[in-house]
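Contents: one structure, followed by commentary.
The values are calculated or read from the model by the stated rules, or taken from the named source; none is laboratory data. Keep in mind it's a predicted model, so treat the numbers as computed, not measured. FYI the Cβ positions are ideal-geometry reconstructions off the backbone, even for glycines, and counts take in every protein chain you see.
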Amino acid sequence: MDRYQRVEKIGEGTYGVVYKARDRRSGCLYALKKIVLEGQDEGVPSTAIREISLLKELSHENIVRLRDVIHFESKLYLVFEFLDQDLRKYMDTCGPEGLSSDLVKSYLYQLLLGVAFCHSHRVLHRDLKPQNLLIDRTGKLKLADFGLARAFGIPIRMYTHEVVTLWYRAPEILLGSRHYSTPVDVWSIGVIFAEMANRDPLFPGDSEIDEIFRIFRALGTPNENSWPGVTSLPDYQPIFPKWKAQPVEKFARGIVDPLGRNLLMRMLEYDPSRRITAKEALDHPYFDVVRRQDLRDPYKQHFPDHQAVAGVPSMAPRRAPRAPMFPPSSAPPFQPRHQQNVSGAATGGGDGEQAFFQHQQYPSSARADMQPSNRAPFGAAAGPMYNSSVRAASSAGAASAMHADHQTQAAAEAEHGWR
C-alpha cells in the first residue's frame, strides 16, 4: 500500500472505511474502500465479491470504474476512480432554488444511460438512490455501489425482498414479491427524478407500511384492474385503505414540462410489466434536446468542497422532509398511461420484459480491462477473478492471492498509516 498516500477519511460503510488517497506515481486522486476481513471463516464479504465481479464486467462512462483490487493480510482495498461528491450532498447544498431543470434532465438522462447499460448486460443494481450517484465538476454522473446488485437471467429468478433503500423501493418489493426484475430499478429512477425536481424526497416513509401508504395516497390504491396480480402478492391486504390517485402536479410540482410528467408517470407505473424500461425512457421526447448536445459542456457546475465515493452514504446532514404527504383527496385521478394524451410522448408499452434480455449497444460503452498496479494480485484476464486463494464467503467462488512479501508490506503499511 506504499503506492497510495492517504489524504483523508471520507466515509464509512458496513464493511469498512473509505479514504481519499493520492497515487504517489501519477499524483491522481482515488477513493480507497478498505474492507477488514474479520476472520478466515468469514472471508471476503459477499457484497464485496459481488461488487468486484460485476464492476469488472461493466465498463461504461456512467458507471464508476474499479481501477484496482489489492489484498494484503486481513484487508482488501478496492481502488475506485474519485469523483467530487454524491448527488445527495449536492442537492443538500443547493439551497431552496434546487437543481435547474436542465441539470435535472441531464442527470436523469445519464442515470438512464448507466442503468440501461446494466440491464442490457443482465445486471440489476437494486440500490439506486442519490447517495449512490456520484457527480463531478463537469456535470458527469456515475452509478456507484454495486454491493446489492445481481446478475439475472431467464427465467426471472427469485430474490430477497430486503433490497433497495426504503424511500426508493418499488411497490412490488414492498408488497413482498420475490420475483422481480429490472422494473425495480426504473421505479427508483422515477423517485429520484421527482426528488431532484421537487427538492424533497417523494415518498419519505419511516416504515414499510408507511412507505406503501405514501405511495398509495399519491398514485391511488392499486387493484386487479390497474395491476393484475397485485392481490396475490404476499403482503397485500384486502383491508388496505382505498385512496384515489392524486393529480400528477400535486406530487411532482417541480416537474412543469408535460413530457417530464408523462415520463415520470410511466416510471411510476404500478404494473412492472407495463412500466417503461430504461432503454425506452432514453427515447422519450422529454430528452429530445439532451440527445442533440454534449451532456458535459452545458452543465458545468462549481461544487462545494465535499467529497463522495462509491458505496458510501453521504455524511452531510439531511434536511427534514417537507410537510406530510398527501391527505386523502377526492381529486380526479391521474389518467392511466393508455389514456394519456400528452403531445409527442413516447408510446412504449407492450411486454415490459421484452427488451430486458437483449444486449443493446450504447455510445462510449466499449469494454475495457482494469489496469491493476504492479503490486495488485487482481488479474484483468478472463477466468478466475483472483490468481490464488484466500477464504471467501461461501456464496461466491472468488478468492484472492496473497502477497509474498507480507513483512515488507506490513512495514510499509504501518509507515504510511494504513493500519
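At a glance:
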item: Number of positions in the range 87-125 that are hydroxyl-bearing (Ser, Thr, Tyr) and more than 15 Å from Ala197 (Cβ to Cβ); result: 2
item: Residues that are among the charged types (D, E, K, R), assigned to a loop (DSSP other than H, G, I, E, B) and surrounded by fewer than 24 Cβ atoms within 10 Å (Cβ to Cβ), drawn from the range 163-221; result: Arg178, Arg199, Asp200, Asp206
item: Filtered residue count, the range 49-95, keeping only those that are hydrophobic (A, V, I, L, M, F, W, C), in contact with a Cys (Cβ under 9 Å, 6 or more places away or on another chain) and modelled with pLDDT of 90 or more; result: 2
item: Yes/no for Leu29 being modelled with pLDDT of 90 or more, of a type outside the set (S, T, N, Q) and surrounded by fewer than 22 Cβ atoms within 10 Å (Cβ to Cβ); result: yes
item: Verdict on His71 being assigned to a loop (DSSP other than H, G, I, E, B), of a type outside the set (A, V, I, L, M) and outside the structural domain of Met267 (by TED's automatic domain parsing); result: no
item: Unmet requirement for Val115, which otherwise passes all of (1) among the aliphatic types (A, V, I, L, M); (2) modelled with pLDDT of 95 or more; (3) within 10 Å of the chain's Cα centre (by Cα); (4) farther than 19 Å from Glu280 by Cβ; result: (4)
item: Selection count, the range 222-244, where residues are surrounded by 13 or more Cβ atoms within 10 Å (Cβ to Cβ) and farther than 18 Å from Pro272 by Cβ; result: 3
